[in-house]
There are 2 protein chains.
Amino acid sequence: MSILIQSVLVNGKVSDIRIRDTYIEMIAPTLSPEDGEEILDGRDKAAVPGFVNAHTHAAMTLFRGFADDMELKPWLEKKIWPAEATLTEEDVYIGTRLACLEMIRTGTTLFNDMYWHLPGAVKAVESMGIRAVLSAVFIDLFDAEKRRKQIEENLHYLSEFENHSPLVRIALAPHAIYTVSQESLEWIRDVAESRNLLIHIHLSETRQEVDDCLKAHGVRPVEYLARIGLLSDRLFAAHCNWLNESEMDLLVEHGVHLVHNPVSNLKLAVGKQIFPYRALSRRGASILLGTDGCSSNNNLDMLETAKFAALYQKWQSGDPTILPAGETLRLLTVNGYQAFRVGSGKLAPGEPADLVLIDLNDPQNVPLYNLDSNLIYSINGGAVDTTLCNGKILMKEKHVPDEDTIIAEAHRVAKKFAEMG
Amino acid sequence: MSILIQSVLVNGKVSDIRIRDTYIEMIAPTLSPEDGEEILDGRDKAAVPGFVNAHTHAAMTLFRGFADDMELKPWLEKKIWPAEATLTEEDVYIGTRLACLEMIRTGTTLFNDMYWHLPGAVKAVESMGIRAVLSAVFIDLFDAEKRRKQIEENLHYLSEFENHSPLVRIALAPHAIYTVSQESLEWIRDVAESRNLLIHIHLSETRQEVDDCLKAHGVRPVEYLARIGLLSDRLFAAHCNWLNESEMDLLVEHGVHLVHNPVSNLKLAVGKQIFPYRALSRRGASILLGTDGCSSNNNLDMLETAKFAALYQKWQSGDPTILPAGETLRLLTVNGYQAFRVGSGKLAPGEPADLVLIDLNDPQNVPLYNLDSNLIYSINGGAVDTTLCNGKILMKEKHVPDEDTIIAEAHRVAKKFAEMG
């Protein structure tokens, strides 16, 4: 099966793009349509790689707007945790489908997820055709029995879903150093190495986490993970707000992928600093962006997240030249594709056909002096017209086939939580 | 002429809204259609007041993406000022139409503008049917001859446009204390009083402005304006980032309207603090939000601006409960309507028919636990489905009649600037 995108702005020129099966086969000024080929009109559109959301909890989209403007502790204890305790696998399926719908609409084609009821998420992602790294939250609260159960569950998920579909990869997700024992972290380290798995963790999100780690282990969080041997280029560490210089050196030396979540960090007011971008990028760190879950964002729009990232860093550093538009865009394309090893993050022959068409006649895209500037500073995910992933058209002219069903299902499930108050 | 919006979510209930001429006549559970009445289907939509953008330079939408990621001085001197020097009245007409198009699309029905070639802006606003307070930038650079010319120009604009249309009000716009002489500020004060005009100024945007004022006048900017007698409830002061306690007292005591522009302030990295919200709101200040011009934002989406405002204040104060969603929404509705004296900013009989219908089936609006939360934290202007201003439908189901022409004209004008590099 092949797709021809005609007369689209790609890499600065108007060209045709031919997609064969799952890959970009050719980009050239004019290509003749083949028999039976699906044609997309690319006029007044720009093709860019689909975006990578490197940290989220997709099914929490069900909790969008469920509880906002609260202190962290009552927010978790009175709202989020009681609601999560009632979640079923079916809820996670429906919530993850809603998340995928929003991601497809806003141009994301790969996301890195950590949540409960993994089978529901796998089923949802496979039904939507998006690419995902899925992991079951691993929390043992330093309890041996819980550890045993979590290990058993993870091994079961691996055996069931590790090679289930070309779109879904299963990873391991130790929630954080303050919820997972050293024994479990060591088990995760060994299994990830022997089975070649990615690892997804929350790291140094708040000052509290650093202080507690110093008290419990005598070292800072990154040093603690280094001691256990968990730092490597298979590790994706979300947040990384509170790092000292030697922790930054350690992270970069081991090739850890660092996921900045500016919207969530600002909204939850996690502390006086968030993500030391300049110090990390100077060291050559692998830096990605994430939305975090919808309960703390409250959307999955990577272009909005990118704008928050760029503007916060400019303001915080006092330097309007830091994180310019092109560099910011690379955080959600090139850096994401390379970190997750799905290609170069550029549109070229041989690359996976994960791409989106941006409407150049969206008023927020006019004038068009600089596409990168418009992408990062002006438009948002609403200017995405068409989304392809793995060579399949998931959205065409802003229409996703299953949209009405997904929304109706989400409204139905949300009633349960609304009644909890 | 009357319009009936059927089965729309308004003030927490599903009701019908009847609009007669320019006002909301009635809101009730069920209203029978009248002969010849235009019917809007409000199902799966919520009606909220149109938003107020209290500080912008609309025609600068032509410079969206023209120059980003630069230091302030070269940005102004090498890019913005040379480009502005070539602007014609026709360019301003086209640029302001593009801005109005974006505002209508994103739910803004009233904006407070300051720019060059006022007649072009008046013509544009009248053609688009949006409400605006328009003012000609007043800059004399402390030169008597320039002052004479600026006064003459402003008097001419007042005589020509003061009662030109019910949608446009003309205000006076001393650019800032560092570009306008005391003599001119005194002239503006007197004319504003005698003709009952609003005044629009940039105030305490950067630390530099405060330091320079202390050097030149021995007092801080707000104190300087107080001495001249310019502080009053007809004054709209944009930015107000660098204020001490006694300046805040002065501003609130005189009822000055303070316009926070979070996106512009962050993007231009104006200094270590922006807009002391908590200290001002505790004093009962009239606080509004603005986008600033598209050369420093780069869009006119008030819902995006509101999210930046709320999240920055949470993070900066370390308190996630500050600026909750409902309070943030009031900054762009209730506070805006009251400051500009166009009604209460609530949807009720007798209020002006300036309102927007929000798509509740936009995936970013699902689930719907709390409309205010979704408006401020999740959706953006892209979820606006229909926009009415002064009883006229300006956009219906995301379609603005003149859209294609406006975009084609803007692309044509932008070519001139693109060639300047």
Next on the checklist: I'd like to know if region A:364-373 contains one or more residues that are outside any helix (DSSP H, G or I), of a type in the set (Asp, Glu) and either out of contact with any Leu (no Cβ under 7 Å at 6 or more places or on another chain) or under 30 Å from B:GLU409 (Cα atoms) (or both).
Outcome noted: no
Next on the checklist: Can you tell me which residue is farthest from A:PHE340 (Cα to Cα) among those in region A:264-307 that are of a type in the set (Val, Ile, Thr) and more than 15 Å from the chain's Cα centre (by Cα)?
Outcome noted: A:VAL270
Checklist entry - When both residues are 6+ apart or on different chains and their Cβ atoms are under 9 Å apart, which pairs have a first residue that lies in region B:149-162 and is free of Cβ contacts under 8 Å to residues at least 60 places away in the same chain, and a second that is exposed (fewer than 13 other Cβ atoms within 10 Å of the Cβ) and of a type outside the set (Asp, Glu)? => result B:LEU158/B:ARG195; B:GLU162/B:ARG195
Next on the checklist: Based on this model, can you work out whether A:GLY50 counts as at pLDDT 95 or above and closer than 30 Å to A:SER135 by Cα?
Outcome noted: yes
Item to check | Residues of region A:44-88 that turn out to be of a type in the set (Gly, Ala, Ser) and more than 17 Å from the chain's Cα centre (by Cα), as a count | outcome: 6
Item to check | So B:ILE139, is it at pLDDT 95 or above and under 20 Å from B:PRO119 (Cα atoms) | outcome: yes
Item to check | Matching residues, region A:86-113, being surrounded by fewer than 20 Cβ atoms within 10 Å (Cβ to Cβ) and either under 22 Å from A:HIS200 (Cβ atoms) or at the interface with another protein chain (Cβ under 10 Å from one of its Cβ atoms) (or both) | outcome: A:GLU89
Checklist entry - If you go through region B:21-40 one residue at a time, do you hit one that is touching a residue at least 12 places away in the same chain (Cβ under 8 Å) and under 30 Å from B:PRO262 (Cβ atoms)? => result no
Next on the checklist: Looking only at residues that are modelled with pLDDT of 95 or more and buried (at least 19 other Cβ atoms within 10 Å of the Cβ) in region A:268-281, which one is farthest from the other protein chains (Cβ to nearest Cβ)?
Outcome noted: A:LEU280
Checklist entry - What helices (runs of 4 or more DSSP H) completely inside region A:71-132 contain at least 1 residues that are not assigned by TED's automatic domain parsing to the domain that holds A:GLU153? => result none
Item to check | Every residue from region B:176-233 that is in a helix (DSSP H, G or I), within 24 Å of B:ALA339 (Cα to Cα) and either modelled with pLDDT under 95 or among the charged types (D, E, K, R) (or both) | outcome: B:GLU186, B:ARG189, B:ASP190, B:GLU193, B:ARG195, B:GLU223, B:ARG227
Checklist entry - Looking at region B:74-87, is at least one residue modelled with pLDDT of 95 or more, touching a helix residue (DSSP H, G or I) at 6+ places or on another chain (Cβ under 9 Å) and among the aromatic types (Phe, Trp, Tyr)? => result no
Checklist outcome for this item: Selection from region A:1-44 of residues under 22 Å from A:ARG131 (Cβ atoms), among the β-branched types (Val, Ile, Thr) and outside any loop (DSSP other than H, G, I, E, B) yields A:ILE3, A:ILE5, A:VAL8, A:VAL10, A:ILE17, A:ILE19, A:ILE24, A:ILE27
Next on the checklist: Looking at B:SER317, B:SER295, can you tell me which residue is among the small types (Gly, Ala, Ser) and surrounded by fewer than 23 Cβ atoms within 10 Å (Cβ to Cβ)?
Outcome noted: B:SER317
Next on the checklist: Residue under question is B:SER264, and the condition is that it be touching a strand residue (DSSP E or B) at 6+ places or on another chain (Cβ under 7 Å) and of a type in the set (S, T, N, Q); does it hold?
Outcome noted: no
Checklist entry - Quick one: is A:THR22 hydroxyl-bearing (Ser, Thr, Tyr), closer than 30 Å to A:THR206 by Cα and within 29 Å of the chain's Cα centre (by Cα)? => result no
Item to check | In region A:133-154, the residues that are acidic (Asp, Glu) and either in a helix (DSSP H, G or I) or within 21 Å of A:LEU197 (Cα to Cα) (or both) | outcome: A:ASP140, A:GLU145, A:GLU152, A:GLU153
Checklist entry - Can you spot a residue in region A:355-365 that is at pLDDT 95 or above and under 15 Å from the mean Cα position of the chain (by Cα)? => result no
Item to check | Qualifying residue in region B:229-236 (condition: in contact with a His (Cβ under 6 Å, 6 or more places away or on another chain) and closer than 30 Å to A:PRO324 by Cβ) | outcome: no
Checklist entry - Filter region A:374-417 for residues that are facing chain B (nearest Cβ under 7 Å), in contact (Cβ under 8 Å) with a residue 40 or more places away in the chain and assigned to a helix (DSSP H, G or I); which is nearest to B:LEU266 (Cα to Cα)? => result A:TYR377
Item to check | Test: residue in region A:242-263 that is touching a Lys or Arg at 6+ places or on another chain (Cβ under 7 Å), at pLDDT 95 or above, at the interface with chain B (Cβ under 8 Å from one of its Cβ atoms) and outside any loop (DSSP other than H, G, I, E, B) | outcome: no
Checklist outcome for this item: Residue hits (region B:338-388; of a type in the set (D, E, K, R) and over 22 Å from B:ARG18 (Cα atoms)) are B:ARG341, B:ASP362, B:ASP372
Next on the checklist: Would you confirm, using the coordinates I've provided, whether A:ASN370 is more than 24 Å from A:GLN273 (Cα to Cα), out of contact with any Gly (no Cβ under 9 Å at 6 or more places or on another chain) and either at pLDDT below 95 or within 14 Å of another protein chain (Cβ to nearest Cβ) (or both)?
Outcome noted: no
Checklist outcome for this item: Over region A:298-334, the set of residues at pLDDT below 95, assigned to a loop (DSSP other than H, G, I, E, B) and more than 7 Å from chain B (Cβ to nearest Cβ) is none
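Okay, residues lined up against (1) in contact with a Lys or Arg (Cβ under 6 Å, 6 or more places away or on another chain); (2) of a type outside the set (Asp, Glu); (3) without any contact (Cβ under 8 Å) to a residue 60 or more places away in the chain:
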| residue | (1), (2), (3) |
| --- | --- |
| A:ARG278 | no, yes, yes |
| A:GLY284 | no, yes, yes |
| A:SER295 | no, yes, no |
| A:ASN298 | yes, yes, no |
| A:THR328 | no, yes, yes |
| A:LEU332 | no, yes, no |
| A:GLN338 | no, yes, yes |
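The values are calculated or read from the model by the stated rules, or taken from the named source; none is laboratory data. Bear in mind that the values here come from a model prediction, so they are computed numbers and not experimental data. FYI the Cβ positions are ideal-geometry reconstructions off the backbone, even for glycines, and counts take in every protein chain you see.
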